[in-house]
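Only one structure is covered here, and it is reproduced in the block below.
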Amino acid sequence: MPFVSSCPESGFNIRALESLFADRMPRLAHMRDAASFAKDLSGSFSLPADHARLLIRSALLHDIGYASALRRFEYHALNGALFLEEKGEHPWVVEGVLRHSQADRKGGRLPLVSEHYASRPPLAEADWLVRAVTVADWRAAGVGKRVSFARRFEDIATRNPDNPGKVRQAAAMVNEVRDSFLEWARDMATERRPLPWVFCDVDNTLIRPGDGLSDANKAAVKAYVAAGGAFSVATGKHPLSIAPLVLQLGLNTTQVAGNGSCLLDGNGITVLDELREAEGALRAALESRGLPIAVYRPQGIETGGQWPASLDEIFDRYGEIRPSRTRLPGAALKILCIVDGDDLRREEELRLLAAELGVDCCRSDRHFLEFLPKQGNKGQAARTVMERAQWPVLHSLAVGDTENDELLFALCGACAAVANAGEWTRRGADWTIGQCADNGVGVFLDRLRLGSGWAGLRSGMTF
Ligand SMILES: [Fe+2]
């Protein structure tokens with residue numbers, strides 16, 4: 001089939017989206033996130049530029065039929081497709097909108113709508129694009145934000161508590177869409193990179209605090225790397241704290257530290273983002289509440305005024321470098337606050353404080369609440385690591401156990417949670433693997449290696 005070219009000026013004027021969705025901004029946010037995922041798909045699968053442009057455009061417009069002004073039938077996919085066709089949009093873009101996320105299956109069951117679908121045979125040459133738009137749709141949350149497949153389903157289930165039929169349908173579909181991605185993902189493997197890049201959290205995922213690295217996990221990481229896989233730790237720890245672990249594992253990749261606020265490699269520490277002026281305000285607000293804090297800087301960790309000596313033991317147990325009582329120079333990478341996760345009121349108050357100061361806040365452990373710069377998260381950092389290595393961003397797997405792994409789960413091609421992870425984290429993961437204490441990571445890596453990476457992965461697998 002000769003490729004039908006389309007000049008960017010033809011078709012719908014993208015600038016009109018804002019006004020079409022003035023009353024539905026979350027939907028537009030979802031469409032934009034789907035487009036940004038489609039961009040990663042295009043890059044990761046090295047699509048030709050023309051194909052990439054059509055895919056990204058179709059992902060951006062896939063839900064345009066939800067705009068009230070375009071309402072013709074009781075069905076958004078058909079409304080959107082008819083509108084775009086009239087605007088002279090490329091037929092592949094129209095096809096993506098018409099059939100994304102099995103819209104043709106659903107539409108085929110609706111009166112009037114089904115007649116339209118029956119009169120339009122599927123465009124075989126755009127089948128890949130429909131599949132890709134569907135994947136992008138399932139990696140963008142309903143209210144806008146990139147998510148894992150599993151979190152996307154959770155999001156649908158939470159928003160539709162009174163519609164068990166819809167939730168059941170979504171549960172079946174997320175598995176189908178994930179499997180379609182997993183099958184396609186095999187194409188990302190090459191001789192130079194046969195296995196996905198694994199980004200693995202450390203505490204309670206790879207290592208149980210208090211224990212060292214187990215021989216089994218160490219052997220599994222080494223075997224994975226020897227088989228051509230890439231492996232990086234992605235941790236909230238200070239970069240200096242993980243240097244011995246990196247040495248033990250024999251890694252020569254770049255590591256994600258400080259919860260994604262910095263990277264560690266052979267050349268030292270690279271700061272990706274810092275708290276800047278929010279640091280002072282945060283310190284004051286947390287210390288005025290009597291909370292112990294520790295400020296992470298490239299050269300070390302410095303304690304706040306309320307830090308009791310007994311907390312040093314917790315740091316020792318977690319394998320974190322000893323914090324200094326004196327002020328250190330340099331950027332504030334993150335602020336760690338010691339506050340119990342069971343105190344829900346305090347948690348809510350502190351999360352509000354973070355939002356007011358324009359920083360991110362996430363829990364990395366029962367005791368630890370962290371305040372992070374907006375661009376300093378594990379997901380963004382893993383992206384930087386892969387882009388620098390010219391590695392396809394979706395040719396990656398995330399493994400973790402807690403909220404601060406969420407953005408890493410959202411970024412990578414797929415994700416797994418250890419069995420000891422919190423329920424919320426497990427529900428947002430594509431697979432639950434064994435407990436940290438049972439070397440769950442090592443077992444997972446061995447299965448990946450022996451199953452030839454993506455080829456051995458399917459929805460619903462147990463490890
Ligand atoms: Fe959508």
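Nothing in this text is a laboratory measurement; each read-out follows from the coordinates by a stated rule. All values reported here derive from a predicted model rather than from experimental measurement. Here the Cβ is made from the backbone with ideal geometry for all residues, glycine too, and neighbour counts use every protein chain on show.
The gain in end-to-end length when the V167 to Q375 segment is fully stretched comes to 71.5 nm, 0.36 nm per residue minus the alpha carbon separation.
Cross-link partners of K145 among aspartates and glutamates, defined as those whose alpha carbon lies under 12 angstrom from its own and excluding same-chain residues fewer than eight positions apart: D33, D137, D155, E406.
Label reach from A419 (point 7 Å along Cα→C-beta): in the range 210-240, amide nitrogens under 19 Å belong to 214-218, 220.
Centroid-to-centroid, using Cα positions, the range 368-418 and the range 299-349 are 23 Å apart. Prolate is the label for the range 65-177, because a/c, from the alpha-carbon gyration tensor with a ≥ b ≥ c as root eigenvalues, is 1.5 or above and a/b exceeds b/c.
Structural descriptor for the chain: relative contact order 15 percent, calculated from alpha carbon pairs under 8 angstrom and at least 6 residues apart.
Which of the lysines could a cross-linker span from K237 if the Cα-Cα distance has to be under 18 Å and same-chain partners fewer than 8 positions apart are dropped? Output for K237: K334, K374, K378. Would you please classify the overall shape of the range 278-372 from the alpha carbon gyration tensor, given that a ≥ b ≥ c denote the square roots of the eigenvalues, rounded means a/c under 1.5, and beyond that prolate means a/b larger than b/c while oblate covers the rest? Judged from the Cα gyration tensor, the range 278-372 comes out oblate (a/c at least 1.5, b/c at or above a/b). When Rg and the Kirkwood Rh are both derived from Cα coordinates, the Rg/Rh ratio for the chain amounts to 1.00. Helix 378-388 and the long axis of the chain differ in direction by around 80°, with both axes built from C-alpha atoms. Peptides 62-71, 404-413 ranked from most to least packed give 404-413, 62-71, packing being the mean of other C-beta atoms within 10 angstrom over each peptide's residues.
When ranked by the protection proxy of mean other Cβ atoms within 10 Å per residue, highest first, what sequence do the peptides 50-57, 118-125, 318-325 form?
Top of the packing list down: 50-57, 318-325, 118-125.
Modelled this way, with points 7 Å down the Cα-to-C-beta line, the labels at A243 and S10 are 6.0 nm from one another.
If I take R0 = 35 Å and measure r between the Cβ atoms of Q390 and E86 in this structure, what FRET efficiency does the formula 1/(1 + (r/R0)^6) give, to the nearest 0.05? Step by step, r from the Cβ atoms, then E = 0.25.
Helix 127-137 axis versus longest C-alpha principal axis of the chain: approximately 40°, rounded to the nearest ten.
Dividing the helix sum by the residues of the chain, where each DSSP H run of 4 or more adds -39500 (n - 2.57), gives a mean residue ellipticity at 222 nm of -13000 deg cm²/dmol. Relative to the longest principal axis of the Cα atoms of the chain, helix 278-288 runs at roughly 60 degrees.
With 0.36 nm allotted per residue and the present C-alpha distance subtracted, the N252-R120 stretch has 42.2 nm of extension available. Let me know the shape class of the range 345-463, please: from the alpha-carbon gyration tensor, a ≥ b ≥ c as square roots of the eigenvalues, rounded when a/c is under 1.5, otherwise prolate if a/b is greater than b/c, or oblate. Oblate, since a/c reaches 1.5 and b/c is not below a/b. The residue list V385, L369, I335 was ranked by how far each Cα lies along the charge dipole of the range 320-393 toward its positive end, using unit charges on Cβ atoms, and V385 comes out on top. Taking 12 Å as the straight-line reach from the Cα of K87, the aspartates and glutamates in range (excluding those fewer than 8 positions away in the same chain) are E9. Mean projected area of the Cα convex hull of the range 129-240, taken over all directions, amounts to 10.4 nm². Given R0 = 30 Å, the distance between the Cβ atoms of F73 and E348 translates into a calculated FRET efficiency of 0.10. In this simple spin-label model, placing a label point 7 Å from the Cα along the Cα-to-Cβ direction at both D50 and A355 gives a separation of 4.7 nm.
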